[in-house]
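Notes follow once the structure below has been shown.
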Amino acid sequence: MAAVAVHAQPWTLQQCFDHAVQHNITAQKNRIQLDDIAEQQAQAKAALFPSLSAAMSQSVGYRPFQESISIVQNGMATATNNKVTESGSYGINASWTVWNGGINQRNIEAQRLQHDIQEQQTALTLANIEEQIAQLYVQILYTTEAAHVNEQLLATAEQQLSRGQERYRLGDLSKADLAQLEAQAASAQYDLVNSRTQVDGYKRQLKELLQLPISQDFDITAADVADERALSPVPDKATVYAAALNSRPEIRAAEMQTDASSLQLDIARRGYYPTVSLNAGIGTSHYAATGQDAWGTQLKHNLNGSVGLSVSVPIFDNRRNKTAVQRARIAQTSAALDLQERQTALSSTIENLWLSATSAQQRFLSANAAVQSQEANYELINEQFKAGLKNIVDLLQARDNLLQAQQAKLQSKYTTILNTQLLHFYEGSPMDI
């Protein structure tokens, strides 16, 4: 029994978005960066607490040519002829930076801000992916509809060829004209194959963007898009830009980066402040010739503890603090310029989308009228050709004019829809194609 082919359920644009959010590799890498920053933030918080460490050392000495060894422990000297000695020390130490100019607290704020910046970078990555998906999705819709146009033209070309072959047999059409009809049918077949190949190519690109395996079938919901969609009002560019300044992740990330640079400047300035540390420790040791003096007794007698407070004041640090402050100021200026640059780029992007949408909409109105005119002209010339009133040159010219008008209409239609939806997207609304 033959296997039944299973066709993939067509994907909507929103399904493509949802899948990319979860599976796109670039987005996943950004989430890993978030986890890394969270770990750095946890480490910055831990710097507020004391540190505790334990240390132990053990050694054995051998002096083969020494006749006697004097061992001094607890103020008492002991002579021994044992040439092998052993010693050990054991201790637990604690250290706590009580105050270092508030740098530790500022580092926690800096890490929290870096986490927020990375979240905006992740959101920007996803926004860019959505734009790419939308562009490919619309390109698939456009080339699919163009393929349908080519199918109709191929059907018409085959009918004309069939009619031409009949007229040729009756002696009413020259062989040269028949050859042109055959060339027209072949050209229409080529155009159809080419458009279908383009559709498959764009689907492959979208499939790659979605990280789908080669074994998975993929198709989109290619429902006919009404021409009225191209006549929807184009959003005002100033309104879109104002909304984008408050919502676009690249702008918010740049604003946060200016805050982060100001915070880093504050941290650098605090490097001039004193550092106050509290230290404490407890330890013991032993040193004896092998086999002499009880190990436990020495550990007991040598047990000692200490508590200390240290203050470190930077006086001359080889310009480290001054350099850190100057570099932080440079970074602050750079962050401010980066924010201006991103605002300018956003303004240019929105204006380009608006110009493309409005000009394409005007071209669509003209192309729509041209298609209606060329369709009527082509039908008339086709009927006249059948009646022998028009020659093959007139027919082919009418077909080329119709094809150009239809392609211009489709291109302007989908360019208008795509750029209008992208303007809504920059304004903060979801895309709906």
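The values are calculated or read from the model by the stated rules, or taken from the named source; none is laboratory data. It should be emphasised that the depicted structure is a prediction, and the values quoted were computed from it without experimental measurement. Please note: Cβ atoms are built from the backbone with ideal geometry, for glycine as well, and neighbour counts cover all protein chains shown. Calculation scope for accessible area: heavy atoms of the full protein, side chains included, ligands and nucleic acids excluded. Shrake-Rupley method; radii C 1.70, N 1.55, O 1.52, S 1.80 Å.
A few comments on the model shown:
- Rounded if a/c under 1.5, otherwise prolate or oblate - the range 79-158, Cα gyration tensor axes: oblate
- Cα Rg, Dmax (largest Cα-Cα span) when computed across the range 91-231, Å: 31.1, 115
- Karplus (6.51, -1.76, 1.60) ³J(HN,Hα), θ = phi - 60°, over the range 419-431, in Hz, Gly and Pro reported as x: 5, 5, 5, 5, 5, 4, 5, 5, 7, x, 9, x, 7
- Cβ-Cβ FRET estimate between Ala179 and Arg327, R0 fixed at 60 Å, reported to 0.05: 0.20
- Summing Cβ point charges (Lys, Arg +1; Asp, Glu -1) relative to the Cα centre of the chain gives a dipole of roughly 1840 debye.
- With protein chains left intact and a 1.4 Å probe, residues in the chain average 57 Å² of accessible area per residue.
- In the range 310-433, taking the dipole from charged Cβ atoms about the Cα centre, the farthest positive-side position among Val325, Gln343, Asn377 is held by Val325.
- Calculated mean projected area of the Cα convex hull in nm² (choose from (i) 28.5; (ii) 42.5; (iii) 31.1), label: (ii)
- Gained length - Asp172 relative to Ala387, 0.36 nm times residue gap less alpha-carbon distance: 76.4 nm
- Estimated from the Cβ-Cβ distance and a Förster radius of 45 angstrom, the FRET efficiency linking Ala155 and Asp259 is about 0.10.
- Each residue, Ser277 and Glu375, gets one label point 7 Å from its Cα in the Cβ direction; the gap between the two is 8.4 nm.
- Cα-based reach from Lys207 at 16 Å (exclusive), listing aspartates and glutamates while leaving out same-chain residues under 8 positions away: Asp18, Glu130, Glu131, Asp217, Asp219
- On the chain, 53 percent of the accessible area sits on carbon and sulfur atoms, based on a 1.4 Å probe.
- Diffusion constant of the range 233-294 at 20 °C, which comes from Stokes-Einstein with the Kirkwood Cα-pair radius and 1.002 mPa s, µm²/s: 116
- Spin-label pair Ala94/Ser162, simplified geometry with 7 Å Cα→Cβ offset, distance in nm: 9.7
- Volume of the convex hull of the range 250-356 (Cα atoms only), normalised per residue: 211 Å³.
- FRET efficiency, Asn128 to Phe218 (Cβ-Cβ, R0 25 Å, nearest 0.05): 0.75
- Global geometry of the range 192-315, whether rounded, prolate or oblate, following the gyration tensor of its Cα atoms and the 1.5 cut on a/c: oblate
- Net charge of neighbours whose Cβ lies under 15 Å from the Cβ of Leu192, counting Lys and Arg as +1 and Asp and Glu as -1: -3
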